[in-house]
Amino acid sequence: MAKNTGTQLAAAARTEFGKGAARRIRRDHQVPAVVYGHGQDPLHVTLPGHETMLLVKNPNALVDLQLDGGGTQLAVVKAVQVDPVRREIEHVDLVIVRRGERIEVQVPVRTTGEAAPQTVVSVESGTLAVTAEATDLPEVIEVDVEGLEAGTLITAGDVRLPQGVELAVDAEAGVVNVSAAPTAEELDAELAEAEAEAGIEKDAPEDESAEGAESAEASQGDEGSSKE
């Protein structure tokens, strides 16, 4: 696998801070960010909005920052803050890395294949902690569930990792679980339990015999009124 040299992004030094400054930066289609690590003082910068949005779509993305002072800095995206309503990037944290060093990252887990019929596949851990070279970080770890029967538990130690990637979590930790699909009766019972917990009361079906008696009484009443 070819070494990742990092996506180049222009990074301008940031001197204004606070919510007002951050809003002005975003209005100019820029993203406020901080770069830290390796014992260096935090570096506050602004990044181009569109390019940053494309970059952070890949977890643990490697970025080659082109500093406005003429230098460069290699870093990995550590955290991204996104506005829950507008879905725009509010802030990005980047960690300084060195070529050749190994770092620990959380990599998303994705299942492939189809488990046996009448089963449900559950991803117990959405990410897996691993160590790898900073310039060769995996974007996703795939777990094959093809044909697996109910009752199968895939642990971290069972996962086949890409070359050069090592596990950084307990090998016995559950990652993917294959269980039997619930029956219709079980689903109905779960629904009823959920409704009861939510305080939802269903109207009891009216007794047909009672309805008949009420209809008969109403008819007799109408006949008596007509005789009068």
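The values are calculated or read from the model by the stated rules, or taken from the named source; none is laboratory data. As the structure is a computational prediction, the values presented were derived from the model and not from experiment. FYI the Cβ positions are ideal-geometry reconstructions off the backbone, even for glycines, and counts take in every protein chain you see. Areas reflect the complete protein model, heavy atoms only, side chains present, ligands, DNA and RNA absent. Shrake-Rupley method; radii C 1.70, N 1.55, O 1.52, S 1.80 Å.
With a 1.4 Å probe and every protein chain left in place, tell me how much accessible area Ile89 has, in Å² to the nearest 10.
Answer for Ile89: close to 20 Å² accessible.
Return the ratio Rg/(2.2 N^0.38 Å) for the chain, where Rg is computed over Cα atoms only.
That works out to 1.73 for the chain.
Ordering His44, His50 from largest to smallest accessible area (1.4 angstrom probe), what's the sequence?
In descending accessible area the options line up as His50, His44.
Let me make sure I get this right: for segment 1-110, a, b and c are the square roots of the gyration tensor eigenvalues over alpha carbons, sorted descending. Under 1.5 in a/c it's rounded, otherwise prolate if a/b > b/c, else oblate. Which is it?
Oblate is the answer for segment 1-110, as a/c is 1.5 or above yet b/c matches or exceeds a/b.
Roughly how many debye, to the nearest 20, is the charge dipole of the chain about its Cα centre, given +1 on each Lys and Arg Cβ, -1 on each Asp and Glu Cβ, and no other charges?
The calculated dipole for the chain is roughly 3060 debye.
At a threshold of 8 angstrom on Cα-Cα distance, excluding pairs fewer than six apart, so keeping six or more, what relative contact order does the chain reach in percent?
This gives 15 percent for the chain.
At 1.4 Å probe size, with every protein chain present, just tell me what the per residue accessible area of the chain comes to in Å².
64
Express in nm, to one decimal, how much length is gained between Leu187 and Gln8 on full extension, taking 0.36 nm for each residue of separation and deducting their alpha carbon distance.
Net length gain for the segment: 59.3 nm.
So what is the relative contact order for segment 113-154, in percent, with contacts set as C-alpha pairs under 8 Å and at least six apart?
71
Quick check: at a probe of 1.4 Å, how many percent of the accessible area of segment 1-142 sits on carbon and sulfur atoms?
Exposed carbon and sulfur together represent 49 percent of the surface.
If I take the Cα coordinates of segment 49-150 and project them onto the principal axes, what are the three extents in Å, biggest first?
Result for segment 49-150: principal-axis Cα extents of 60, 39, 17 Å.
For Glu88, Glu172, Glu104, what's the largest-to-smallest order of accessible area, 1.4 Å probe?
Listed by decreasing accessible area, they come as Glu172, Glu104, Glu88.
Among Gln81, Ala12, Val97, whose Cα projects farthest towards the positive end of the dipole of the chain, with charges put on the beta-carbon of Lys, Arg (+1) and Asp, Glu (-1)?
Comparing the listed Cα positions along the dipole, Ala12 ranks first.
Report the relative contact order of segment 35-164, percent, no decimals, based on alpha-carbon pairs under 8 angstrom and at least 6 residues apart.
21
Among Gly69, Ala171, Val56, whose Cα sits farthest toward the positive end of the charge dipole of the chain (+1 at Cβ of Lys/Arg, -1 at Cβ of Asp/Glu, about the Cα centre)?
With unit charges placed on the Cβ atoms, the residue in question is Gly69.
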